[in-house]
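Values in this text are rule-based calculations from the coordinates and carry no lab data. None of the values given here were measured: they were computed from a predicted structure. Every residue, glycine as well, gets a Cβ built from its backbone with ideal geometry; the counts of neighbours run over all protein chains shown.
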Amino acid sequence: MGIFLTGSGFVLRPWVADDVQSLITHANDGDVAANLRDRFPSPYTLADAESWVVVANTAPVSQCAITIDDRAVGGIGIDFYSDIHRRGAELGYWLGKSYWGKGIMSGVVPVFVRECFKRFDLIRIEAGVFATNPASAKVLEKSGFRLDGIRRQAIFKNGLTLDEHLYSMLRSDVQI
């Protein structure tokens, strides 16, 4: 996004080369990867981290490092849709396991989403949540997202077929 966004105990900022080691430390965890798309590598290598820093800074920049005490401990971003869905985007986020359960993502998500609605011509941001990840669903609900529905048996991950809970937030839901 090119700017720094601050919240209670965290800063959202662009990914930089100096984040590579911290990225490997927090991303190279099977428990983190378990609730993310397969494109999030596991194990997470040096080459993966270096590649991500480049990709995350490709225009339009829509990916941020979540930093605590100036160390990248997670990430948040949107992927833009196209064609008839071009005014929508998919939200994704992750956080290093040592930071789980501290309320960090419940602060990060609303700050990031509000900024996305300010910067981009979006009317809808949505997020899919694995049925096995109620903590992520709770983060979205606390952030003002609404459950649109359940996509039955929509996910195949680690040998399991899972339901996906689809949440959304509209521009009209946010004070910009």
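Take the alpha carbon gyration tensor of the stretch 60-101, find the square roots of its eigenvalues, order them as a ≥ b ≥ c, and report rounded if a/c is under 1.5; if not, report prolate when a/b exceeds b/c, else oblate. In terms of gyration-tensor shape, prolate.
Taking the helices alone, the chain has a mean residue ellipticity at 222 nm of -7500 deg cm²/dmol, built from -39,500 (n - 2.57) per DSSP H run of at least 4 residues and averaged over all its residues.
The coefficient of translational diffusion for the stretch 1-133, derived via Stokes-Einstein from the alpha carbon Kirkwood radius under 20 °C and 1.002 mPa s, stands at 142 µm²/s.
Report the FRET efficiency, 1/(1 + (r/R0)^6), for Ala59 and Ser98, where r is their Cβ-Cβ distance and R0 is 35 Å, rounded to 0.05. According to the calculation, E is roughly 0.60. Per-residue extension of 0.36 nm, minus the Cα-Cα distance of Asp69 and Arg39, leaves a gain of 8.0 nm for this segment. Each peptide in 4-15, 37-48, 65-76 receives the mean, over its residues, of other Cβ atoms within 10 Å, and ordering these scores from highest gives 65-76, 4-15, 37-48.
By the Kirkwood approach, averaging reciprocal distances over each pair of separate Cα atoms, the stretch 2-45 gets a hydrodynamic radius of 12.0 Å. Test of understanding: in a Gaussian network model of the chain with alpha carbons linked when under 10 Å, which of Gly92, Gly77, Gly103 would top the mean-square fluctuation ranking? Highest fluctuation among the options: Gly103.
Can you compute log10 of I(q)/I(0) for the stretch 67-170 with the Debye formula, treating each Cα as one identical point scatterer, at q = 0.12, 0.17, 0.18, 0.25 Å⁻¹? Listed by q, the Debye log ratios stand at -0.42, -0.84, -0.94, -1.42. Contact order for the chain, expressed relative to its length and based on alpha carbon pairs under 8 Å spaced 6+ residues apart, stands at 19 percent.
With K and R counted +1 and D and E -1, the other residues having a Cβ less than 12 Å from that of Arg71 yield a net charge of -3.
Taking label positions 7 Å along the Cα-Cβ direction at both Ala154 and Lys118, the computed distance is 3.0 nm, reported to one decimal.
In a simple Cβ point-charge model (Lys, Arg +1; Asp, Glu -1; nothing else charged), the stretch 5-124 has a dipole of about 480 debye relative to its Cα centre.
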